[in-house]
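Novice: Okay, handing you the structure first.
The values are calculated or read from the model by the stated rules, or taken from the named source; none is laboratory data. Computed from a predicted model, the values in this text were never measured in an experiment. Cβ: placed from backbone, ideal geometry, glycine included. Neighbour counts: every protein chain shown. Ligands, DNA and RNA are excluded from the accessible area calculation, which covers all protein heavy atoms including side chains. Shrake-Rupley method; radii C 1.70, N 1.55, O 1.52, S 1.80 Å.
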Amino acid sequence: QVQIVESGGGLVQPGGSLRLSCAASGSIFVIGRMEWYRQAPGKQRELVASITSGGTTNYADSVKGRFTISRDNAKNTVYLQTDSLKPEDTAVYYCSARLRKSWTSAFDDYWGQGTQVTVSS
């Protein structure tokens with residue numbers, strides 16, 4: 001079994017910051033790319049940021065310069081530092097990890113349940 005658990009969401013005023021965390025645990029052989037997605041009410045889920053196992057990052061244009069993705073490979077954890085938050089950042093934020101459960105298995109994507117981020121005054 002593999003568990004993906006996000007934390008760190010909440011209510012914050014415009015201009016504020018939150019640090020989201022996502023921890024992978026369970027039967028894990030190796031983790032490759034880890035990603036943060038978000039889904040606002042009535043909208044499709046969108047990719048926010050990604051990071052490879054080697055640390056290469058990629059960001060959606062809407063968050064460049066405001067969000068920073070990082071990871072701790074020893075802890076199987078990925079973080080999303082969100083700064084200068086705007087009301088349009090309000091969404092449920094989901095973490096995805098591409099991993100192998102054993103040396104004989106293929107990479108597969110695992111998702112967390114999401115954490116709510118609300119930006120409002």
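Novice: Which of the residues that make up segment 88-104 are within 13 Å of Gly10 (Cα to Cα) and either open to solvent by less than 10 Å² (accessible area, probe 1.4 Å) or not in a strand (DSSP E or B) (or both)? Lay out the reasoning, then the answer.
Specialist: Taking segment 88-104 and keeping what is within 13 Å of Gly10 (Cα to Cα), we get 89-93.
Passing the criteria: Asp89, Thr90, Ala91, Tyr93.
Novice: I've got another one for you. Kindly check whether there is at least one residue in segment 79-91 that is at pLDDT 95 or above and over 17 Å from Val117 (Cα atoms).
Specialist: no
Novice: Let me ask something else. Output the number of residues of segment 8-33 satisfying the condition of being open to solvent by less than 60 Å² (accessible area, probe 1.4 Å) and over 19 Å from Arg66 (Cβ atoms).
Specialist: Total meeting the criteria: 9.
Novice: Residue by residue through segment 51-60, note down the ones that are of a type in the set (Gly, Ala, Ser) and over 19 Å from Gly9 (Cβ atoms). If you could, list the steps in order and put the result at the bottom.
Specialist: Filtering segment 51-60 down to residues of a type in the set (Gly, Ala, Ser) leaves 53-55, 60.
Listed by number, the residues that qualify are Ser53, Gly54, Gly55.
Novice: State all residues of segment 105-121 that are assigned to a strand (DSSP E or B), farther than 17 Å from Thr82 by Cβ and in contact (Cβ under 8 Å) with a residue 24 or more places away in the chain; if no residue qualifies, say none.
Specialist: Taking segment 105-121 as the starting set, the residues that turn out to be assigned to a strand (DSSP E or B) are 108-111, 115-119.
Filter again for farther than 17 Å from Thr82 by Cβ, leaving 108-111.
Result: Tyr110, Trp111.
Novice: So which residues in segment 44-57 are open to solvent by 20 Å² or more (accessible area, probe 1.4 Å) and either without any contact (Cβ under 8 Å) to a residue 12 or more places away in the chain or closer than 9 Å to Ile69 by Cα (or both)? Steps first, answer last, please.
Specialist: Step one: list which residues in segment 44-57 are open to solvent by 20 Å² or more (accessible area, probe 1.4 Å), which gives 44-47, 52-57.
Within segment 44-57, Gln44, Gly54, Thr56, Thr57 meet the criteria.
Novice: Limited to segment 34-43, what total is found for residues that are surrounded by 13 or more Cβ atoms within 10 Å (Cβ to Cβ) and under 17 Å from Asp89 (Cβ atoms)?
Specialist: Residues meeting the conditions: 6.
Novice: Give all pairs with beta carbons closer than 9 Å in which a residue from segment 74-85 that is more than 14 Å from Leu11 (Cα to Cα) and touching a residue at least 12 places away in the same chain (Cβ under 8 Å) meets a residue that is open to solvent by 10 Å² or more (accessible area, probe 1.4 Å) and in a loop (DSSP other than H, G, I, E, B); count only pairs at least 6 apart in sequence or on separate chains.
Specialist: These pairs meet every condition: Asn76/Ile28; Tyr79/Gly8; Leu80/Gly8; Gln81/Ser17.
Novice: Also, I was wondering about something else. Here are Ile28, Ile51: which of them is over 11 Å from the mean Cα position of the chain (by Cα) and more than 17 Å from Leu85 (Cβ to Cβ)?
Specialist: Numbers: Ile51 fails: over 11 Å from the mean Cα position of the chain (by Cα).
Checking each option against the conditions leaves just Ile28.
Novice: Something else now. Identify all residues within segment 72-87 that are of a type outside the set (A, V, I, L, M) and part of a helix (DSSP H, G or I); write none if there are none.
Specialist: Of all residues in segment 72-87, those of a type outside the set (A, V, I, L, M) come to 72-73, 75-77, 79, 81-84, 86-87.
Hits for segment 72-87 are Asn73, Lys75, Pro87.
Novice: For segment 58-69, check the following and say yes or no: at least one residue is loosely packed, with under 13 Cβ neighbours inside 10 Å, at positive phi and out of contact with any helix residue (DSSP H, G or I) (no Cβ under 8 Å at 6 or more places or on another chain). Break it down into steps so the answer makes sense when it comes.
Specialist: Step one: filter segment 58-69 for residues loosely packed, with under 13 Cβ neighbours inside 10 Å, giving 61, 64-65.
Right, trim to at positive phi and you get 65.
Those left that are additionally out of contact with any helix residue (DSSP H, G or I) (no Cβ under 8 Å at 6 or more places or on another chain): 65.
Yes - at least one qualifying residue is present in segment 58-69.
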